[in-house]
1. If the only charges are +1 at each Lys and Arg Cβ and -1 at each Asp and Glu Cβ, what is the size of the charge dipole of the protein assembly as shown around the Cα centre, to the nearest 20 debye?
2. So if we plug the beta-carbon distance of residue B:78 and residue A:36 into 1/(1 + (r/R0)^6) with R0 = 35 Å, what FRET efficiency do we get, rounded to 0.05?
3. Per-residue Cβ counts within 10 Å, from other chains only, averaged over B:5-14: what number is that?
4. By per-residue mean of other Cβ atoms within 10 Å, what is the highest-first order of B:116-127, A:118-129, A:77-88?
5. Can you tell me which aspartates and glutamates have their Cα less than 17 Å from the Cα of residue B:45? Leave out same-chain residues fewer than eight positions away.
6. Which of the peptides A:92-99, B:136-143 is most tightly packed, and how do the rest follow, judged by the mean count of other Cβ atoms within 10 Å per residue?
7. Residues of A:89-97, mean number of Cβ from any other protein chain within 10 Å of their own Cβ, rounded to a whole number?
8. Please compute, for peptide B:87-100, the average count of beta-carbon atoms on other protein chains lying within 10 Å of each residue's beta-carbon.
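What follows draws every value from the coordinates through simple rules; no lab data is involved. What you are looking at is a predicted structure, and each value in this text was computed from that prediction instead of being measured. Positions of Cβ are backbone-derived with ideal geometry, glycine not excepted, and every protein chain shown enters the neighbour counts.
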Amino acid sequence: MIKVKKNMNTNTGRSSRSMNMTAFVLSLIGGILILVNGVMSFLMLTYYGADFGWMWGMMGGYQGMMGSLGFPFGSFMGLMLVALVCGIIVIIGALMLNSRPAERRSWGVIILIFSIVSFLGMGGFYIGAILGVAGGALALS
Amino acid sequence: MQKSFSSTAILTLVVGLIAIALIIAFSYTAIFNPSAPVNDAGQAKTLAEQYASSQGSNLQVKEIMEFSNQYYAIIQEKNTGINAFELLVDKATGRVFLEPGPSMMWNTKYGHMGRSRNPTATMPVNSEQALRNAQEWLDFNFPDARAEEAETFYGYYTIDFSRNNQTTGMLSVNGYSGEIWYHTWHGQFIRMIEYD
């Protein structure tokens, strides 16, 4: 009976470490994708800025260019910056998850929240945000 | 089992959320959206020149057209005399845009899509054929309208059209497929200034 209990503990420990590692890897990849997407979008908006601003505006109707129905150009610049911040924080969360496994729930929440918020700025081509959410959820489980 | 939220994590959460809130708040202000109304064609030309010089030193403003929705500018290459691309200058904000549509999608040298390694203004569809295509399209969509001179760009032509000798609109003809792209976004034509 005692022997069986011992084996279960070992398995649980291994499983927990494996889940932590999976959560770390998923969150890290997600964070990197969110950051890369944010940087790329920010640079593209800076380079082709006005043109993209116009196109976004156009999606709100041709009047978008006149600033009436379309979103202001700056709001898209802002959303890309939001993605940048989220990417950095998800990466920090992933690294902390790895270095401080005892605090995994706290960092799981951080990863989850900022991965969801990153959807505002295209969330690492959406794949990054999904990986981040999966990593955060795994850390919480 | 972890009982409380880590203080470092709380700090990260608070700092992150504040940063995001500030970015979103500022993105709707003048800091992210600098604007200055454009009151005349001279100002529009200056802004178009600034945009053109950012794309290369070999470019100049050839023509400015004022429409009710915005100013339209043709940018020309100094050395070849070939029209490079078309710009729009927003009257309300002074923001300068590469014109969406043909200039962005069909331009084989300066556009965003389908740039060619050897861009040329000599195309399978010549200017006469482009004018014929434009007139056919006009006859169907704007009876009584007449296609005017074709402006040649890399990959396409842009043609003004008029009714009763009064310019009323603009369309583009693809230099390879002969396809028509009507410029729906200008509004009413007001005046035109050509530069040497």
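1. Numbers: 21 positive and 21 negative charges, 622 e Å.
Around 2980 debye, computed over the protein assembly as shown.
2. Working: r = 39 Å, r/R0 = 1.12.
Rounded to the nearest 0.05, the efficiency is 0.35.
3. Working: counts 6, 10, 2, 7, 12, 3, 0, 9, 7, 0.
Mean shielding by partner chains, rounded to a whole number: 6.
4. Working: B:116-127: 13.2, A:118-129: 22.3, A:77-88: 24.8.
For the peptides B:116-127, A:118-129, A:77-88, the packing ranking is A:77-88, A:118-129, B:116-127.
5. Once the sequence-local aspartates and glutamates are set aside, what remains near residue B:45 is B:63, B:66, B:77, B:86, B:90, B:99, B:194, B:196.
6. Working: A:92-99: 21.5, B:136-143: 14.0.
Descending packing order for the listed peptides: A:92-99, B:136-143.
7. Values: counts 7, 1, 0, 4, 4, 0, 0, 4, 0.
Going residue by residue through A:89-97 and averaging, the value is 2.
8. Details: counts 1, 4, 0, 7, 2, 4, 7, 0, 8, 3, 11, 4, 2, 7.
Average neighbour count from other chains, rounded to a whole number: 4.
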